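The values are calculated or read from the model by the stated rules, or taken from the named source; none is laboratory data. For clarity, every value in this text was computed on a predicted model and none was experimentally measured. Positions of Cβ are generated from backbone atoms using ideal geometry, with glycine treated the same way; all protein chains shown enter the neighbour counts. Note: areas computed on protein heavy atoms with side chains; ligands, DNA, RNA excluded. Shrake-Rupley method; radii C 1.70, N 1.55, O 1.52, S 1.80 Å.
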Amino acid sequence: MRPIVHRRWHWPALLTAAVACSADSPVEPPPPPPPPPAFLLWSNPNAWPNRSVPGPGAEVVIPAGATIRLDLTPPPLRSVTVLGRLEFADRDLSLTTDWMVIKGSLSIGSESSPFTKRAVITLTGPSTDAIDGAGAKVLAVIGGTAELVGRPRTTWTKLSATAAPGASQLTVVGPIDWQPGDRIVIASTDFDPMQAEEAIVAGVQGNEVTLQSALRYRHWGQLQQYAGKTLDERAEVGLLSRNIVIQGDSASLATGFGGHVMVMQGGVARIDGVEFTRMGQKKTLARYPMHWHLSGSVAGQYFRNNAVWKTFNRCLTIHGTNDLQVSGNVCYDNIGHAYFLEDGSETGNVLERNLGLVTRRPAAGEAVLPSDVDPATFWITNPDNALRRNVAAGSRGFGFWFALPESPTGLSVGHPAKPRQTPLREFRDNVAHSNNNTGLNVDDGPRPDDTIETVHYNPRQIPGNSGSPLVTARFVNFTGYKHSFRAVWLRGSELRLEGAILGDNHIGGTFASNETFITDGVVVGPSANSATPFTRNFPVRGYEFYDGRVGAERVTFIDFQPTASNYMSALGYNRKNGFPINTLNYGKQLTFINSNQLFLEAPAPDKDGDKAAVAFDTDGSLTGTPGAYVTANTALTATSGCTLRPAWNAYVCPHRFVNLQVRSADQQAVAPLTIQRDDGAAGSFVGVPNAAWFVSSSVVPSRGYRVGYQGAVPLRPQIFGNQLQAWDWLSVSLPYPSGQINVYRDYNTSASIVAAASQAELDASTGDKYFYEAATATVHLKLMPRTGRNWAALFVVPK
């Protein structure tokens, strides 16, 4: 069918008769023609060039300069192209079309005059369409404006009383404006995110909502008070119904090929109070329910108070787009990452009070990105965005995932941003619960090929300048509960978890970081919301030390008491750890209420990090003795001055610990090896995972240690001491086949330190000598820090 174009209106000229008049009679000018109408009704045949209202399968074009007001529900169309203006009349309407392109303007209500009736746009196109670079089954805004503003609604609230299984009534925090027939979703408040339930409202009386069918699961609805903070585990209840609907056709449910909305560069979209369902196209890049695509700065545009549910590829995608306002939305039952900042070039966007729940994994082979197999409700690729009061209320993967690339990926390759060094704009008052993986994960960013690698987040004043000072990234007032694994995992430098409240998690928080701390928080073991117990035999803990320096300061731990099913403790170390740890990891101003303060599992033979576990009690709030250390139950770390605390499976020691490392410059294996202290206590070590040339241990300073190799003697050993104080020393002896060596101190390879004539001379030195004992083929070293340093290093090199 040939395209239908708008009829060009020509107003008839006024015909006048010749009138005889005298020479002095003036001629009256003709009156001006009447103005053209402000708009033409779709139902008016005269609005169309062939004087016929578009019929089934029509390709409708509204030309530039024309305004058409849709006042009826047309038959299914092939397409609608808006070069002028299309607005919806104030009545219930439906528009079904294979696709729509907006190059002029589409208006369904406005910010000053919201649409109050019901409008439904259904997208039906075949997958073979390719519309202006936007694909098929699309509503594309290309250089035009789409303003869709529906009736204001209570988009989501929380329960104010617990709803039991079998209940058909909810008590919610009001006021609400919900009506019979509205569809809602009640979030899980347990470990399983799939305990979220859809329901249809049968009636509303005040804050009481009656449902058409009974609930299957319990949904928690009470506030709990702990140490002056409120643990809010009340179920979120989201409204899915809106009076403006954009949807894919019914066939989308079977095929996963739904509709999608795409705002291209130069386009403008203001979307408020709209329902998106059966949207997104499974396993297809750039075909998402709602998508700003490479739009640059979109200040003034927004996506607010919408419901996006039962979708096949994400929820909302912000791609190469800045300064977008995203607030008050509900995203439910989507596949893959939900609220999705795509490449890492996106900045200045504000995400506030959005709810996401039931974030699903794609089926095998259907992931758009490799990371979608562990989907995040909020996937953030650049820290220069603001996230406030959002809730990640149940994902098969993560809640909030800061997945930072080194540089922007995808179509943003070449953008100058450095997300892994970019300061955090704002992360405040966000909540994550009922996620199968971590609630707040700062780690694991995309490579250029979109596979995932371990990421250290180092925010700097000048991103990209490694010499620029670090700045602190503050994650403020975070709430995390009911995580099957852990609530928080941070990897980076100068990160803070401030004012958090964590409860009912298998692990509260673990920081694989340095200079990263939890401060002014409350961490709770099992709360009264305990319908499902913790995984049996899992050692539940509130906070785990790891890497370092990390610590907990001004934190209260509550109800970490061991049970028959779970050994619980407020503090512990990251389990099954093979990596080095910092001996200055600490606790300060800690409070323990009804809690076993600490528990360290018996070190695994193949996990050197477990054997090195120590924690510094700066003020006595952990052990009762200021300056004491807690250490793993191993012979090498314990001394006669230490006291075993059986409930902790750990020793409390009056002396300090430092870090001793044995490495090989040419990566020749040094492990397995033994380290024996001068009193005969010894430990066996297997090396850092996948690095048998690197062994790390915690040791008592100002003592002697002998290294014993089980394999070949490395010819270029390197010995390090870390976390040293000015007066500390370590005497280290190790096998070496020849005295023809140079020994270099602290990376200065221009001159060897001198050989001592005896062990006594070495012992009296300040780290500037070594002693080779030919009779035993042993080189004796003494590590001492130079002035202003807290480390020392000695490298042995054959001549």
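With respect to the stated conditions, ALA512 is in contact (Cβ under 8 Å) with a residue 24 or more places away in the chain and surrounded by fewer than 24 Cβ atoms within 10 Å (Cβ to Cβ).
For the range 666-693, what are the residues that are closer than 18 Å to ALA604 by Cβ and part of a strand (DSSP E or B)? Once the filter is applied, which keeps residues that are closer than 18 Å to ALA604 by Cβ and part of a strand (DSSP E or B), the range 666-693 yields LEU673, THR674, ILE675, ALA682, GLY683, SER684, PHE685, VAL688, ALA691.
Conditions tested, residue by residue: (1) over 31 Å from the mean Cα position of the chain (by Cα); (2) open to solvent by less than 50 Å² (accessible area, probe 1.4 Å); (3) not charged (D, E, K, R).
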{"residue": "ASN577", "(1), (2), (3)": "no, yes, yes"}
{"residue": "GLN589", "(1), (2), (3)": "no, no, yes"}
{"residue": "GLU601", "(1), (2), (3)": "no, no, no"}
{"residue": "ALA613", "(1), (2), (3)": "no, yes, yes"}
{"residue": "SER621", "(1), (2), (3)": "yes, yes, yes"}
{"residue": "ALA628", "(1), (2), (3)": "yes, yes, yes"}
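Going by the structure shown, is ARG663 within 29 Å of GLN589 (Cα to Cα), of a type in the set (D, E, K, R) and either part of a loop (DSSP other than H, G, I, E, B) or in contact with a Pro (Cβ under 8 Å, 6 or more places away or on another chain) (or both)? No, not satisfied. Summed over the range 308-328, the residues that are among the polar types (S, T, N, Q) and open to solvent by 10 Å² or more (accessible area, probe 1.4 Å) give a count of 3. Within the range 189-215, the set of residues being more than 21 Å from TYR481 (Cβ to Cβ) and charged (D, E, K, R) comprises GLU198, GLU208. Tell me, please, whether a residue that is surrounded by 20 or more Cβ atoms within 10 Å (Cβ to Cβ), in contact with a Gly (Cβ under 7 Å, 6 or more places away or on another chain) and assigned to a helix (DSSP H, G or I) can be found in the range 372-390. Yes, that holds for at least one residue. Of all the numbered requirements in (1) modelled with pLDDT under 95; (2) crowded, with 24+ Cβ neighbours inside 10 Å, GLY551 misses one, and that requirement is (1).
Figure legend. Inter-residue proximity from the range 54-67: first residues under 12 Å from LEU40 (Cα atoms), second residues of a type in the set (Phe, Trp, Tyr) and modelled with pLDDT under 95, beta-carbon distance below 7 Å, spacing 6+ or different chains. Indicated pairs: THR67/PHE39.
For ARG91, the test of being surrounded by fewer than 18 Cβ atoms within 10 Å (Cβ to Cβ) and within 24 Å of MET279 (Cα to Cα) is failed. In the condition set (1) touching a residue at least 40 places away in the same chain (Cβ under 8 Å); (2) farther than 24 Å from THR563 by Cβ; (3) crowded, with 22+ Cβ neighbours inside 10 Å, ASP606 is compliant with all but (3). The residue that is farthest from GLY410 (Cα to Cα), counting only those in the range 282-325 that are β-branched (Val, Ile, Thr) and free of Cβ contacts under 8 Å to residues at least 60 places away in the same chain, is VAL308.
Just the residues that are in a strand (DSSP E or B) and open to solvent by 10 Å² or more (accessible area, probe 1.4 Å), please, taken from the range 278-294. First the steps, then the outcome.
So the first thing to find is which residues in the range 278-294 are in a strand (DSSP E or B), and the list is 279, 281, 290-294.
If the condition is that a residue be in a strand (DSSP E or B) and open to solvent by 10 Å² or more (accessible area, probe 1.4 Å), then HIS293, LEU294 are the ones that fit.
When SER188 is tested against the conditions (1) part of a loop (DSSP other than H, G, I, E, B); (2) open to solvent by less than 10 Å² (accessible area, probe 1.4 Å); (3) over 30 Å from ASN529 (Cα atoms), the lone failure is (3). Exactly one residue among ARG287, ARG242, ARG278, ARG304 is in contact with a Leu (Cβ under 9 Å, 6 or more places away or on another chain) and among the basic types (Lys, Arg), and that residue is ARG278. Taken over the range 391-424, residues that are out of contact with any Gly (no Cβ under 7 Å at 6 or more places or on another chain), of a type in the set (Gly, Ala, Ser), outside any loop (DSSP other than H, G, I, E, B) and open to solvent by less than 10 Å² (accessible area, probe 1.4 Å) amount to 1. Only strands (runs of 3 or more DSSP E) whose full extent lies in the range 99-155 are considered here, and the ones with at least 2 residues that are in contact with a His (Cβ under 9 Å, 6 or more places away or on another chain) are 138-141. Scan the range 326-349 for residues that are part of a strand (DSSP E or B) and either in contact (Cβ under 8 Å) with a residue 40 or more places away in the chain or out of contact with any Asp or Glu (no Cβ under 8 Å at 6 or more places or on another chain) (or both) and jot them down. VAL330, CYS331, TYR332, ASP333, ASN334, ILE335, TYR339, PHE340, LEU341, listed by residue number. Taking the range 636-658 as the range and being open to solvent by 60 Å² or more (accessible area, probe 1.4 Å) and either farther than 15 Å from SER569 by Cα or in a loop (DSSP other than H, G, I, E, B) (or both) as the test, the residues that pass are SER640, THR643, LEU644, PRO654.
Any chance you could count how many residues in the range 633-665 are touching a residue at least 60 places away in the same chain (Cβ under 8 Å), closer than 16 Å to ASP608 by Cβ and under 39 Å from the mean Cα position of the chain (by Cα)? Number of matching residues: 7. Considering only residues that are of a type outside the set (Ser, Thr, Tyr), touching a residue at least 60 places away in the same chain (Cβ under 8 Å) and in a strand (DSSP E or B), look in the range 157-183 and name the one that is nearest to GLN222 (Cα to Cα). Here the answer is LEU159.
Listed by first and then second residue, the pairs with beta-carbon distance under 8 Å, at least 6 apart or on different chains, first residue in the range 518-544 and under 21 Å from LEU490 (Cβ atoms), second open to solvent by 10 Å² or more (accessible area, probe 1.4 Å) and among the aromatic types (Phe, Trp, Tyr), are VAL522/TYR226; VAL524/TYR226; PRO539/TYR567; PRO539/PHE599; VAL540/PHE534; VAL540/TYR567; ARG541/PHE599; GLU544/TYR573. Considering only residues of the range 554-575 that are touching a Lys or Arg at 6+ places or on another chain (Cβ under 8 Å) and under 27 Å from LYS611 (Cβ atoms), which is surrounded by the fewest Cβ atoms within 10 Å (Cβ to Cβ)? Residue satisfying both the conditions and the ranking: ASN566. List pairs: first residue in the range 375-402 and on the phi > 0 side of the Ramachandran plot, second residue buried (at least 24 other Cβ atoms within 10 Å of the Cβ) and of a type in the set (Ser, Thr, Tyr) anywhere in the structure, Cβ distance under 7 angstrom, at least six positions apart or on different chains. What qualifies is GLY394/SER188; GLY394/SER434. Pull up the range 694-720, narrow it to residues that are of a type in the set (S, T, N, Q) and outside any strand (DSSP E or B), then point me to the one that is least open to solvent (accessible area, probe 1.4 Å). Filtering first and then ranking leaves SER702. Within the range 87-96, one or more residues are in a loop (DSSP other than H, G, I, E, B), of a type outside the set (D, E, K, R), closer than 22 Å to LEU148 by Cα and modelled with pLDDT of 95 or more.
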